[in-house]
Amino acid sequence: MTMLQPMPNSGTLPFLPAGPAYPLPFHSRKTSTFSTPPANKSPSPLARLRLRRRRPRTLTLALPAAAAQAATMVSDGAYAGIDRVLWTEAEIAARVSEVAAELTADLRGLRLREPAVFVGVATGAFVFLADLVRRVDAPLAVDLVRAESYGDGTVSSGRPTITSDLKVDVAGKHVVVVEDIVDTGNTVSCLIAHLEKKGASSISVCTFLDKPARRSADFQLVGDGKFYRGFECPDYFVVGYGMDYAEFYRNLPYVGVLKAEMYKKDTSN
């Protein structure tokens, strides 16, 4: 069997053998079929030469040293500006599985005539939405809505606007609004009212993070709706796991607190 192993940079492509790495069968005159040599016969000198030529070879591939350096640079750049980690990748995965199990049990208990529609709030909830729906063991549809209230700031404006609407028809269906974080409650309240106008029969809210300390708007769930949350979040500006500051940090696998100097404006001028 031919094996591939990395080698130091050579700038050349590896040699790949054209032939097989095992002895070729020989043609039997008696049966006119290909077979292996009899066990009690030793190979002829010519056969031994062929065997030596076809021994497995260890090949090497040229891997640029810059690849490892580039990975380190990306890692350092992605993690810059994080003060501390609140929830690790493993803790997030475990909690998402628990929330999905709760949703699965509730959706099965509702005995819905049509699959529930999971509506992710773009862009912050896209990672949570993807992980969540893959763990929900029940029929469902998925769509996205874009509601903006932060812009490039760290505090909600309190006036969310829907800038991109649904494509899936939610009339007469159970809807689960999937949020990255609920703090003031203004965006969720706006979305619930919007989905009610579209005829949703019941509306649940499932948020990855809940920040009740900043709640300023009461929102009412609809019909058989229920409120689900992954973690209760302290009153910090957090990023990672899909959440951003000015569109950065979404790719972090954990949730971290952003350093204040990363977003505080310089007022010295």
Search the stretch 99-123 for residues that are within 13 Å of SER202 (Cβ to Cβ) and pair each with any residue that is of a type in the set (Phe, Trp, Tyr) and surrounded by 14 or more Cβ atoms within 10 Å (Cβ to Cβ) when their beta-carbon atoms are under 9 Å apart and the residues are at least 6 apart or on different chains. ASP106/TYR228
In this structure, does LYS211 turn out to be within 16 Å of GLU179 (Cβ to Cβ) and in the same structural domain as GLU98 (by TED's automatic domain parsing)? yes
Filter the stretch 250-263 down to the residues that are modelled with pLDDT under 95 and out of contact with any Ser or Thr (no Cβ under 9 Å at 6 or more places or on another chain), then identify the one that is farthest from VAL121 (Cα to Cα). GLU261
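Out of curiosity, is LYS211 buried (at least 19 other Cβ atoms within 10 Å of the Cβ) and not acidic (Asp, Glu)?
Considered against the rule, which asks whether it is buried (at least 19 other Cβ atoms within 10 Å of the Cβ) and not acidic (Asp, Glu), LYS211 comes out as yes.
The values are calculated or read from the model by the stated rules, or taken from the named source; none is laboratory data. Since the model is a prediction, treat every value here as computed from it, not as a measurement. Positions of Cβ are generated from backbone atoms using ideal geometry, with glycine treated the same way; all protein chains shown enter the neighbour counts.
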